[in-house]
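Quick one: the structure is below, and I'll ask about it shortly.
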Amino acid sequence: MKTYQTFHLAKDRNVFIAVGKTSPWNTENPEKVPDVSYGQTITEIVALKRADQVRFVTPDDTNGTIEQQGHKWRIIDEDEARVADCRWVYVQAWLRYDEFPICTYRQTGVYAGTTLADGLPINKQVVKPDEVKDMGFLLAVTNQSPLQREVTHRESIEYILEL
């Protein structure tokens, strides 16, 4: 079942990374980052960016090129993923200064199965919440200290999801 879910996600062309939570976490201690269990939702969504990469990965501390949470991961093709009974997917998106709103944010997350509002191009890369008909399924949330986007920078947001 997990392999089926992994393959379904890797083939979904409607995977987005959401950016939100523009206000401080709380007034008494504005930058104390809450545990991830603090509401599995993203609040104050600024915009969503269509994932640039949704790929199968496998742990590989020797040859892996993606580093996350103290481990290295290697991108694998569909055939290897099937043989290995792969259950991990790498999701990555670039937030470019010229296409994504400049803001300070404290949350990111991955949505799959997102449906855009009627009349929008089906391959639109950046959408605001009012351009989304159905957010789909929230698969992961990260709470963090505030990150200020700069007009001359781009950021890469990446997740490795285990299904």
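Ordering 158, 28 by how much accessible area each has at a 1.4 Å probe, largest first, what is the list?
28, 158
Let me ask something additional. Computed on alpha carbon atoms, what radius of gyration and Dmax characterise the stretch 32-163, expressed in Å?
Rg, Dmax (Cα atoms, Å): 15.9, 47.
Grab the DSSP H runs of the chain that are 4 residues or longer, score each as -39,500 (n - 2.57), total them, divide by all residues and round the 222 nm result to the nearest 500 deg cm²/dmol. Don't skip to the end; give the middle numbers.
Working: 2 runs with 16 residues, N = 163.
Value at 222 nm, helices only: -2500 deg cm²/dmol.
Here's another thing I want to ask about it. Using a Cα-Cα cut-off of under 21 Å, which lysines could be cross-linked to residue 32, ignoring same-chain neighbours fewer than 8 residues away?
The qualifying lysines are 21.
Using only Cα atoms, locate the centre of the stretch 2-16 and the centre of the stretch 72-88, then give the distance between them in Å, rounded to an integer.
For the stretch 2-16 versus the stretch 72-88, the Cα centre distance is 13 Å.
To test your reading of the geometry: what angle, between 0 and 90 degrees and rounded to tens, separates the Cα axis of helix 2-11 from the longest principal axis of the chain?
60
The values are calculated or read from the model by the stated rules, or taken from the named source; none is laboratory data. Because the structure is predicted, anything quoted here is derived from the model rather than measured. Remember, those area values only see protein heavy atoms, side chains included, never the ligands or the DNA or RNA. Shrake-Rupley method; radii C 1.70, N 1.55, O 1.52, S 1.80 Å.
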